[in-house]
Structures are given as structure tokens and as C-alpha cells.
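The values are calculated or read from the model by the stated rules, or taken from the named source; none is laboratory data. No experiment lies behind these values; they were computed from the predicted model shown. When we count neighbours, we look across all protein chains shown, and the Cβ atoms used for this are built from the backbone with ideal geometry, even at glycine.
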Amino acid sequence: MLNSSKKSKVQQKSSPGLKGGYNESSTVGGYTQSPGGFASPAPSQGGEKKGRTRASQIIPCTVSQLMSASQADEAFKVGDVEVSQVTIVGIIRSTDKSMTNIQYKVDDMTGAPMDVKQWVDTEDPGVDSTVLPPGTYVKVSGNLRSFQNHRSVVAFGVRPLEDMNEITSHMLEVVQAHMALGKPLTMSSAGGGGTGSDVTPISRPAMESRGGSYEGANDMVNNGLSANQNQVLSLIRGCHDAKGISIQELKQRLGVMSMNVIKQAVEFLSNEGHIFSTIDEDHYKSTDNDE
Amino acid sequence: MQLNISRAILLSTEFSNGKNSKPVKMAGILDVPKPRITCSLLSQYISRPVCFVGRVEKVHPTGKTFTVADGEGKIATVELNDPLEEELSGIVEVIGMVSNKGVLMANTYNLLREDKGIPFDLELYTEALKVIHDFPQHYPFEVAASG
């Protein structure tokens, strides 16, 4: 009996073949706008990646991601994605203007409002230094900063939204960018025809591997498994231990994925025959290790 | 007196997206994650703060409650602390707690402007909600401890 997955979006059959990808093109080093089915007339502003080097990427994020980002020296990472220049979309909750800057608190519903600081150039008449009032939805473009453990965004642009569909587009862009840029936890493609390469889930992503990881992201949605299921399957596949990998270790490696989601994925994969339990119901191995 | 002050603030704003952004009663609710949900998820978020976007359907004559339709056409009831001061219509974004009866006890709300001639696509927003709920690892409604 096929697993009746609780999520309506998940395909029942995990057959290979083209099934609902979020991207058709695989431009290496760039994330592309999702083609089709996107009716918003608003152009996506500040969403394009300009190049492959870290410094020139501007990445759509949520406030929660910025607050949770890990930090090594001056570099921030959301999962595996390096972030420096970011965009967030949220509603202004409070404002505070001083001689040299305007401080906003911007709330995008993912957590407490984020502090946004916009420097005011008192000598440049071209720069608009009108304070935007609370209740205004804005798109903030700026750099993530941390000072004395306090995170904020130093903005080079705070633009009030005129088209509220940008709220929707930003949500989708955040998911798309982080999915495309984040190194999936395997190099081999799921669903047969794998490259046979070793799975190294926790290795640091190299510059070159970004291109490869993007292809992986493409493969992820082409075999009928959801992104979560693919990630879980990849980890299980990478385990060469005879007794398999435990659910607890999956949770450890998968960070933000909740235990429930992991268990659901394991149940589905097991029902589909991709994995089987070993010493107990908490340990699993893949039915087709390609090593 | 409070009415006059709030009207004065409204009149002085040029970029105000909402005709009425009510002041926060509980400062706390704005400082926590407020997952964006639809009516079908209300029952899973009882006693939790949420953000609900929908089209205003009917406003009760007392102005203390109104119904909203989400992008799937389902209707939710919103209750306010203070009665509405003016007629509410269009797309509204409500933040509040879900009561154990599935009613959204509003803490604050704001209208999503459509005055620039660009209508808000509520159905598309609802599709986007499915995406972000499908990929919580890429759109977290929680703040993990930063490493």
C-alpha cells in the first residue's frame, strides 16, 4: 500500500523522470527566476546574483535566517549559504531618526523585528532621507552585521513596497535561493544513474562544487522525491556502516529539519523501498548504495 | 482624544500602507515568530501566534469582529480588542493568537495597499505559503541559536 503522505505536494510514486522542479534551467552560479505560473507583475529587485564570488551576491533572506546565521570572523552563513549582502521584506514596526541615521525595526513574521540602520548622507540632496512610518511594508537591501552579539542590517536601500505581491515573490525567492545555493548533502544524484562519488555530507563547499551542487538541486526534484526526502535518502545512502544510520544521527546532521519531518521522510522512503531498517526501527540503510 | 491623535498620524503619513495600523497591545507577540497560515492550518496553531492574510468578507455591526477569506476561499473569524473605527475592506494582514475555537484573536492588523492599481494576488500568496511550509529549512519561522 502506498504511503499516504500527509503533505499533498509529495508525489506518491518515486519514479525517475521529470516531476515538478522549481527550476528548469541550470545556470551554474546563478539562481534563476522560476519560469511560469508566476503572475506578479512586479520585477524582482535586488534578487539577482551578480557573480560567483561571495562579495557580489545579494541573497534574499528571512530575519530568522539572519539571526540564526553562523559566524566565522566577518563571514556569515545560513546553513551552507554564505550571506553578506541580503534583502529582506517586512513591515516597519518602529522608527528612530537621528542626525546621521534612521533606524527601523522591520518585521517579516519569522521572528522579532530586525534592526535596520540606514545612514543619512546629510550632504547629498539626492538621497531621500524621509523617514518611512510604521506600518509601511518595505524591501531592505543591505549588509548583515554583528556587533557585540547583536545582529542588524546596515541598509543601502529601504524601498517602500507599492506592489504587495513582492511579499509573495520574496518568500518564494528566499526558498529558491537557499535551496539552489545551499550544498545538498550529497553529490550523487538520487534515483539511479548516480555518479558513484563518495558522499561527504559535512565537507566544506568548494567554489567549484557550487556548480555541481546546483545540478544536484536540480536532480533533487526530478526523481519524484521531495527535497526533504532526498536529503534524508542521501544521508542514509552515505552510511557504509553495517548497522546503518540512526534517526538521531539524521536529526543531528539535518539541523533545521524537525524530527517529525525526518520520520515522515524515513517512513515514505521505507515504504517505497529506498531504505530498510536494520538492527531496530531507528536504524536504516539504503537499498541501493552505489558504492 | 486617542481617536484624534491616531487620525492625525494617519493623515500625516504619505507612505502608509495600511489605513489603520493599530498599536500593539501585547508587545510580546510581535517579538516572536508568527507563522503565516491559512484557514486549514488554524486548528494546528491553537494558542499560538500567527499571521493571517485574507480578504475582508463581512464586518459585524459592532465592529468588534469580522470574517476574512483566505486564498482557498475558506473563512476565518477575527475578533478585535477595540471595535473598528472605520469600515474595513480589501486585503488585510492580521497578527494574533488562535483561540481554542479557531478564532483569530487579533493583536494588530494592517491593510495591504492596492491603491497603486496593482491588486494583491491572494491565491498566489496561498500557493507560496504551501512552498514555505514545505521547506521550513529554507524559510524558518523560528530562530535557532546562532553558531
Matching option when the condition is modelled with pLDDT under 85 and of a type in the set (A, V, I, L, M, F, W, C), among A:Val261, A:Val221, A:Val232: A:Val221
What pairs come out if I take residues in the range A:153-164 that are part of a strand (DSSP E or B) and pair them with residues that are buried (at least 22 other Cβ atoms within 10 Å of the Cβ) and among the hydroxyl-bearing types (Ser, Thr, Tyr) whose C-beta lies under 8 Å away, six or more apart or interchain? A:Val158/A:Tyr104; A:Pro160/A:Thr136; A:Pro160/A:Tyr137
Where the second residue is of a type outside the set (A, V, I, L, M, F, W, C) and surrounded by fewer than 19 Cβ atoms within 10 Å (Cβ to Cβ) and the first is at negative phi and facing chain A (nearest Cβ under 7 Å) and lies in the range B:124-146, which pairs have Cβ atoms under 7 Å and are six or more apart or on separate chains? B:Lys130/A:Lys9; B:Asp134/A:Lys7; B:Asp134/A:Lys9; B:Ser146/A:Ser70; B:Ser146/A:Gln71
Which residue, of A:Glu74, A:Glu82, is more than 10 Å from chain B (Cβ to nearest Cβ), of a type outside the set (Lys, Arg), free of Cβ contacts under 8 Å to residues at least 60 places away in the same chain and touching a helix residue (DSSP H, G or I) at 6+ places or on another chain (Cβ under 7 Å)? A:Glu82
Residue satisfying condition, being more than 10 Å from chain A (Cβ to nearest Cβ), over 23 Å from A:Leu172 (Cβ atoms), touching a helix residue (DSSP H, G or I) at 6+ places or on another chain (Cβ under 8 Å) and of a type in the set (D, E, K, R), within set B:Glu72, B:Glu85: B:Glu85
Is it the case that the range A:122-134 has a residue that's assigned to a loop (DSSP other than H, G, I, E, B), buried (at least 20 other Cβ atoms within 10 Å of the Cβ) and either at the interface with chain B (Cβ under 10 Å from one of its Cβ atoms) or at pLDDT below 95 (or both)? yes
If we keep just the residues of the range A:86-111 that are assigned to a strand (DSSP E or B), of a type in the set (S, T, N, Q) and surrounded by fewer than 20 Cβ atoms within 10 Å (Cβ to Cβ), which is farthest from the other protein chains (Cβ to nearest Cβ)? A:Asn101
Give the number of residues within the range A:257-286 that are touching a residue at least 12 places away in the same chain (Cβ under 8 Å), touching a strand residue (DSSP E or B) at 6+ places or on another chain (Cβ under 8 Å) and either closer than 12 Å to A:Leu233 by Cα or surrounded by fewer than 16 Cβ atoms within 10 Å (Cβ to Cβ) (or both). 9
Residue pairs qualifying under the 9 Å Cβ cut-off, at least six apart or on distinct chains, with the first in the range B:53-66 being surrounded by 14 or more Cβ atoms within 10 Å (Cβ to Cβ) and the second being of a type in the set (Gly, Ala, Ser) and not in a strand (DSSP E or B), are B:Val53/B:Gly71; B:Gly54/B:Gly71; B:Arg55/B:Gly71; B:Arg55/B:Ser89; B:Arg55/B:Gly90; B:Val56/B:Ser89; B:Val56/B:Gly90; B:Val59/B:Ser89
